[in-house]
Amino acid sequence: MDKLCCFSGSCSQLAGHSSNDAGKGKSSLSGVKITYGFSLVKGRANHPMEDYHVAKFIQIRGQELGLFAIFDGHLGDDVPAYLQKHLFTNILKEEDFWNDPGGAIFKAYGKTDKAILSQSPDLGQGGSTAVTAILMNGRRLWIANIGDSRAVLAKGREVIQLTVDHEPSTERGSIENRGGFVSNMPGLYIVLKKSHTCILFSSSQLPTISTFDCI
């Protein structure tokens, strides 16, 4: 299970993946100093690395946004690569992002999912989990996830889980009500939607979104 660790107080622009990738950075805000670090390590599976990430700060409308994400791909890396390139862009393009970040994130997840489904001939039959974090001016943190990639907050010696894992085995009813179904392969649950196989990142599931004030 991949985890996105969020911490503040004590992010350079980094986005990519490799079998062994690590980096760090910090915000440029004068009032609030935020530092971050990340590390990706390939597991023992005999297929290429399928995990992608985003870790960067950007400046928009005089405000600073920290963008962080993990996309855990399955059956190939085309879908997580697509998410890395497009998901945050889609979120920030939503007209109501600045007034209603939660609603904008929810809509963008859905639109991105539909785009993936429409491009299935090119993206293949794979899929991905997604966990994203948007830190606004170092003060407010918006977390969203689909699948079992998890965001946690480290505060002193305490570790707090910020997201709710989506497990097809426990959400079968909700998935089937939205037109999908669950197939259990050895060591893997697959969510199917129409003729396209989407592992967790699928219209059959809805993102869980939470917000936290950073003190």
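How big is D, in µm² s⁻¹, for region 77-151 by Stokes-Einstein at 4 °C and 1.567 mPa s if Rh is the Kirkwood radius over C-alpha pairs? Answer from the Stokes-Einstein relation: 100 µm²/s. Let a ≥ b ≥ c be the square roots of the eigenvalues of the Cα gyration tensor of region 30-120; is it rounded (a/c under 1.5), or, if not, prolate (a/b larger than b/c) or oblate? The shape class here is oblate.
Note down the relative contact order for region 31-115 as a percent, whole number, built from C-alpha pairs under 8 angstrom at least six residues apart. For region 31-115, the relative contact order is 19 percent.
Using the Cβ-Cβ distance between A115 and R140 with R0 set to 35 Å, the FRET efficiency from 1/(1 + (r/R0)^6) comes to roughly 0.80.
Quick note: the coordinates plus some simple rules give every number you see, no bench work behind them. Predicted, not measured: the structure shown is a model, and the values here were computed from it. Please note: Cβ atoms are built from the backbone with ideal geometry, for glycine as well, and neighbour counts cover all protein chains shown.
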